[in-house]
């Protein structure tokens, strides 16, 4: 498949970024539904616009679609497109509930399409190094885990009122747990499935409908305690991971791309600094390779994305 026709559903900040990445990766034919305001504001003149989805699907053979509208609408549009045998890249989270997932999975299996979920932190060089340490048991068994993520919601999109964003709205699938689901995804990727779920939270001064400040406690099948703190309040953007082992400790700063490793067996402390990758572009390149070859596995499979979504929903439920 040399000339890919790509469809973008949702030209918010994520959709705009994906469109530009597709262009830089050599995809020349990009289509979307007309949005004159965003087209002019964000210089998206390279996109071919149509009045509605039905018109695009009638006039063009679409090979891939990027679904980056509000998460509450992901699966309804994914079902329509998957029936057309269109490979899908779905922004995280997969959805805001499980209502349409069973039917969507049946269509995916029947039509044999590729589905990837936008969990680009699995490409982070620091996390890949952490996974290597865990898999090879270089520091022995992990004894406890602490993950921390915080951002300031009003600063995300200065061009819009944060109170009107999907993150702020319950019906659109907002809230910190689903919005920052990357952490739940990589913790599952590193430590496997969880057997216990507990969440407490306290609202900040943000004027939103959804949870914005929580601490979650998870435990995997090996009884490993995992603490996850998430909020939409911190102006000092934070994304960190700490793991205490039998024979040492590691601290990873995913923003500064710095990993600190204490090896007690060797009585050695050292640091690793990683180059900063454009993770959104990296995962899109991987997805395109997956579509072209038909032989590569998705970085986050549909089954994994379903499990991560179920975990997030259980953590949200625990708040009530």
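Relative to a virtual label point 7 Å from the Cα of residue 76 in the Cα→beta-carbon direction, which members of the stretch 101-125 show backbone nitrogen distances below 14 Å? Counting backbone N atoms under 14 Å from the label point, the list is 101. Just the number, please: percent antiparallel of the DSSP beta bridges in the chain, rounded to the nearest 5. Of the beta bridges lying entirely in the chain, close to 65 percent run antiparallel. Relative to the dominant Cα principal axis of the chain, helix 279-293 is inclined by about 60°. Once the Cβ-Cβ distance of residue 196 and residue 155 is raised to the sixth power relative to R0 = 35 Å, the FRET efficiency obtained is 0.55. With a Förster radius of 51 Å applied to the beta-carbon distance between residue 265 and residue 303, the computed FRET efficiency rounds to 0.90. Once the Cα-Cα distance is subtracted from the 0.36 nm per residue extended length, the residue 55 to residue 317 segment shows a gain of 90.3 nm. Each residue, residue 258 and residue 85, gets one label point 7 Å from its Cα in the Cβ direction; the gap between the two is 5.2 nm. Length gained on full extension, residue 3 to residue 251, computed as 0.36 nm times the residue gap minus the Cα-Cα distance: 84.9 nm. Here the Debye sum runs over all C-alpha atoms of the stretch 1-152 as equal scatterers in vacuum, and log10 of I(q)/I(0) at q = 0.17, 0.19 Å⁻¹ comes out as -1.03, -1.18. Residues considered: 11, 110, 81. Largest GNM mean-square fluctuation over the chain, using C-alpha springs under 10 Å, is found at 110.
Converting the Cα gyration tensor eigenvalues of the stretch 138-184 into ellipsoid dimensions via √(5λ) gives semi-axes, longest first, of 32, 13, 7 Å. Once the Cα atoms are used to define both axes, helix 302-318 deviates from the longest principal axis of the chain by about 70 degrees. Cα gyration tensor of the stretch 189-320, axes a ≥ b ≥ c as square roots of the eigenvalues: rounded (a/c below 1.5), prolate (a/b > b/c) or oblate? Since a/c stays below 1.5, the shape of the stretch 189-320 is classed as rounded. If R0 is 51 Å, the Cβ-Cβ spacing of residue 112 and residue 144 corresponds to a FRET efficiency of close to 0.75.
When the chain is treated as a Gaussian network with alpha carbon springs shorter than 10 Å, the biggest mean-square fluctuation among 91, 306, 246 belongs to 246.
Using the 10 angstrom Cβ neighbour count as an exposure proxy, how do 199, 282 rank, fewest first?
282, 199
Residues considered: 71, 24, 144. Largest GNM mean-square fluctuation over the chain, using C-alpha springs under 10 Å, is found at 24.
Using the rule -39500 (n - 2.57) for each DSSP H run of four or more residues, divided by the residues of the chain, the 222 nm mean residue ellipticity is -9500 deg cm²/dmol.
Values in this text are rule-based calculations from the coordinates and carry no lab data. These numbers come from a predicted model, not from an experiment. Positions of Cβ are backbone-derived with ideal geometry, glycine not excepted, and every protein chain shown enters the neighbour counts.
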